[in-house]
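None of the figures in this text is laboratory data; all of them are computed from the coordinates on show. In this text, all values refer to a predicted model and were calculated from it rather than measured experimentally. Backbone-built Cβ (ideal geometry, glycine too); neighbour counts: all protein chains shown.
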């Protein structure tokens, strides 16, 4: 997961709005009221009852799933045929984010911008496909042409975002992931440069990470151009 629990809570609030706000407010109240947390901080049944007290009548399953799987704010502690319990990863961080949202006291907008821009780059897909290029036994002219397009259109954005992310402790992990992408691109560039005028074959790269991907090119984040 990227960023602190507070950052991820703010992301969840940004994405799901009032639905996430009411669910978080409810489960925080339940947790603070619960004296016995043997099974967890709160249960699905308790949440539905608390939302009812707020006058909210939607099914919170989707929000709970997102808070756990997508944002890492809560985690399952007990589950049976008729019960489901969760606990907070860090309730104080979640409360800080929620109180800040309620009081319109926003976190540094640059942090939010960095996270938004990072997610928009689809970095996992970019990294996966750069690794694929490194593993190809032979780079086609089309591969090289599209890599050049990537280098001039997308890579400068990645480098710019890397420098922004490296200035903040909250986004240091993002900076490290972007640096990995930059280094992969540099290795591909070196390989292409070494192959110029070489008719004896391609330079072999030793790669110990990633998988074999059944793709023939890298598609840019906007899905319009291949690399």
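The label-point distance for residue 77 and residue 36, in a model that sets each label 7 Å from Cα toward Cβ, rounds to 1.3 nm. Computed from the C-beta positions of residue 99 and residue 176, the FRET efficiency with R₀ = 30 Å rounds to 0.50.
The stretch between residue 141 and residue 163, if pulled fully straight at 0.36 nm per residue, gains 4.8 nm over its current Cα-Cα span. Working from Cα pairs under 8 Å separated by at least six residues, relative contact order for the stretch 111-184 is 45 percent. Taking the stretch 13-48 and a reference point 7 angstrom along Cα→Cβ of residue 108, the backbone N atoms nearer than 20 Å belong to 14. The label point for residue 14 and the one for residue 149, both projected 7 Å from the Cα toward the Cβ, are 2.9 nm apart. I need the calculated FRET efficiency for the pair residue 65 and residue 186, taking r as the beta carbon distance and R₀ as 30 Å, to the nearest 0.05. Efficiency, from the Cβ-Cβ distance: 0.20.
Note: relative contact order over the stretch 5-102, using C-alpha pairs below 8 Å and six or more positions apart, is 38 percent.
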